[in-house]
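Data block below; observations after.
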Amino acid sequence: MLASRLAICTVFAAAAAFAQYKADSAGAPPADLPAPYASLLQSEGTKVTGPDGALEIWLVKALPKGPASGEQNVTFDTIPHGSLIGVIRYSGKGKDRRGQLIKPGVYTLRYSMFPINGDHQGVAPQRDFLLLSAIADDKDPASKPDFAALMALSQKALGTQHPGVLSLWKADDMNQNLTQQGESDWVLQRKIGDVNLAIVVAGTAAA
């Protein structure tokens, strides 16, 4: 009997841990978004609710494309650096992939790759990342900031020496879900056209 009760408690504990984050529809992009941004975003976003509040993310309607970059260890080698991938709104405290605090607000998500310089080993298997910039400072959705300019925008948004980053990769499957991977990572999969993106919306890299 005791063993059965312990087993039941273990199941409920695991279920509680898994239920720390959940995904729902976020509806249309916010009405107060600058018009140039609102027209580029999908009509329905995703709301992810967790222990510290919620985030809402709206991806662009069409995935930006360009010539293959030739960069090593990336899953999106035809997305031009600095391209807009979406907009994200935090209603409570958030954290980026490095564990840096993200203040409530609205941010753009632009594509970048971490440099091959030895400082990012173990952060992710791939180099693809999304960088957060305050939408108030990122005025032109069509712009494609170079590496230095995008780093500066993101550093300013978080008020830190390192930019705010979310891990990103091209998912092999077409599942549209929010799943826990490992002990603490929560991965949201959503489509842009016929491409499925996987974004770590919660979870800090161990390295």
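Hey, what angle do you get for helix 2-18 against the long axis of the chain, alpha-carbon based, 0 to 90 degrees rounded to 10?
It is inclined by approximately 10 degrees.
What is the helix-to-structure angle for 147-158, meaning the angle in degrees between its Cα long axis and the longest Cα principal axis of the chain, kept from 0 to 90 and rounded to the nearest 10?
50 degrees
In square nanometres, what is one fourth of the surface area of the convex hull spanned by the alpha carbons of the stretch 31-90? Don't skip to the answer; put the middle values down first.
On the way: hull surface 22.5 nm².
Answer in nm², one decimal: 5.6.
Quick one: length gained pulling Asp32 to Lys61 fully straight, 0.36 nm per residue minus the C-alpha distance?
Stretched out fully, the Asp32 to Lys61 stretch lengthens by 8.6 nm.
Sequence neighbours fewer than 8 away in the same chain don't count; with that in mind, list the lysines whose C-alpha is under 21 Å from Lys144.
Straight-line reach from Lys144, under 21 Å: Lys61, Lys65, Lys156, Lys170.
By how many nm would the segment from Asp77 to Thr49 lengthen if fully extended, with 0.36 nm per residue of separation less the alpha-carbon distance?
7.0 nm
What does the C-alpha gyration tensor say about the overall shape of the stretch 37-187? Classify as rounded when a/c is under 1.5, otherwise prolate if a/b is larger than b/c, or oblate. Display every interim value, and only then the final one.
Numbers: a/c = 1.15, a/b = 1.10, b/c = 1.05.
In terms of gyration-tensor shape, rounded.
Under unit Cβ charges (Lys, Arg +1; Asp, Glu -1), what dipole magnitude, rounded to 20 debye, does the chain have relative to its Cα centre?
With Lys and Arg at +1 and Asp and Glu at -1, about 300 debye.
Helix-only mean residue ellipticity at 222 nm, the chain, DSSP H runs n ≥ 4 weighted -39,500 (n - 2.57), per residue, nearest 500. What is it?
Taking each H run of at least 4 residues, the total per residue is -5000 deg cm²/dmol.
Rank these for me by crowding, His162, His81, going from fewest to most other beta carbons within 10 Å.
Ordered by Cβ neighbours within 10 Å, fewest first: His162, His81.
Work out, in µm²/s and without decimals, the Stokes-Einstein translational diffusion coefficient of the stretch 138-207 at 37 °C, 0.692 mPa s, Rh from Kirkwood over C-alpha pairs.
It comes out at roughly 233 µm²/s.
Return the long-range amide H neighbours of Asn196 (sequence gap of 5 or more, or a different chain), with a cut-off of under 5 Å between placed amide H atoms.
Ala171
Would you kindly state how much longer the chain becomes between Ser143 and Arg98 on full extension, computed as 0.36 nm times their sequence separation minus their alpha carbon distance, in nm to one decimal?
Going from the current span to full extension adds 13.6 nm.
Bear in mind that the values in this text are calculations on the coordinates, not laboratory data. As the structure is a prediction and not an experimental result, all values here were calculated from the model. Note that each Cβ is placed from the backbone with ideal geometry, even for glycine, and that neighbours are counted across all protein chains shown.
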